[in-house]
Amino acid sequence: MNWYRTAFGAHYRHLYAHRDGHEAAACVAAIAPWLPLRRGPVVDLGCGAGRHLSPLAAHGAWGLALDLSADLLADAARAAGALALPPVRADMRRLPLRDGSCAAVLSLFTSFGYFGDLDDHAPLLREISRVLVPGGRWCLDHLNAFAVRRELAAGDAVRERRLGSQLVREQRRLGPGGRRVLKDVRIRPLGGAERSAADGVPPQGLDYTESVALFAPAELDELCRGAGLVRVAACGGYDGRDFEAETAERWLLIYEREA
Ligand SMILES: C[S@@+](CC[C@H](N)C(=O)[O-])C[C@H]1O[C@@H](n2cnc3c(N)ncnc32)[C@H](O)[C@@H]1O
């Protein structure tokens, strides 16, 4: 089974609880000046529990939240009223949307890079480009691959913590050639089955490895060009700082669909 089908189950909202609505609001404030949010439908691609939906609506956006995870979409449904349409369960590689029907597509908080190395994402980029109107924009909010490579070149990073009634061990490491960052996640219930179910974890626990593509912005630019997407802006963090690839807190990259 693909890791992203396991990793974004009901337990994800506890594991990533620190990725909250405040952070989402800051993210949307940083990218909004570069996006045609009021000009047509906006798609939050990989919306998770929908934490960006209210901030997007506050910036005048309307449209669609889409995700593969039924568990997270249940949360997104509560927030989706803000964006006008009910959230949709679909694979981002096959969007249930017409050609040229969207003003903006947003891949927020590392909702990209799951399907192999960067080159394997050409079909996804073509799909995003397909649904964008000419002049429409795609925003990628990705981790700083340079910083991740620097950090993990020195050795794996291991973190153990207690989360509710779970013991969580996460080990981050580089994949072959530094083309991916991998995170081995092991979750073991400390309480009974009932508490475990409340945390979204099966009684026997959970084991999986997250795997996200690492690349240089210039490599993504080139792949995007092949899909008719051209980078028009970039920002280095949710505080709206200038983009400096080596030191950025996040890579917030804005691409425009060519006419
Ligand atoms: C890192 S989470 C980010 C969620 C959300 N954007 C946020 O900031 O909280 C990535 C999201 O992408 C979704 N996802 C993973 N693979 C997907 C696919 N093939 N199609 C659609 N969504 C997918 C996951 O279910 C998850 O909700």
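The values are calculated or read from the model by the stated rules, or taken from the named source; none is laboratory data. In this text the structure is predicted, and so the values were computed from the model without any measurement. Using ideal geometry, Cβ is built from the backbone for each residue, glycine included, and neighbour counts are taken over all protein chains shown.
What to note about this one:
- Restricting the range 18-49 to residues that are within 11 Å of the ligand (Cβ to nearest atom) and among the small types (G, A, S), the residue that is surrounded by the fewest Cβ atoms within 10 Å (Cβ to Cβ) is G21.
- Qualifying position, being within 14 Å of the ligand (Cβ to nearest atom), modelled with pLDDT under 95 and of a type in the set (A, V, I, L, M), among A84, A80, A57, A90: A80
- Subset of the range 128-144 [within 13 Å of the ligand (Cβ to nearest atom) and crowded, with 20+ Cβ neighbours inside 10 Å]: I128, C139, L140, D141, H142
- Which numbered condition L124 misses (of (1) buried (at least 20 other Cβ atoms within 10 Å of the Cβ); (2) farther than 23 Å from A216 by Cβ): (2)
- Pairs are defined by a Cβ separation below 7 Å, a sequence spacing of at least 6 or placement on different chains, a first member in the range 95-123 that is more than 16 Å from P134 (Cα to Cα), and a second member that is in a loop (DSSP other than H, G, I, E, B) and near the ligand (Cβ under 8 Å from one of its atoms); the pairs so defined are P96/A90; S107/G46; L108/H52; F109/R19; S111/G46; H121/F115; P123/R93.
- Residue satisfying condition, being surrounded by fewer than 24 Cβ atoms within 10 Å (Cβ to Cβ) and among the acidic types (D, E), within set D75, D67: D75
- Flag not set for A104, criterion: in the same structural domain as A233 (by TED's automatic domain parsing), in a loop (DSSP other than H, G, I, E, B), buried (at least 17 other Cβ atoms within 10 Å of the Cβ) and of a type in the set (A, V, I, L, M, F, W, C).
- Residue list for the range 1-33, filter: in a helix (DSSP H, G or I) and within 20 Å of S211 (Cα to Cα): W3, Y4, R5, T6, A7, Y12, R13, H14, L15
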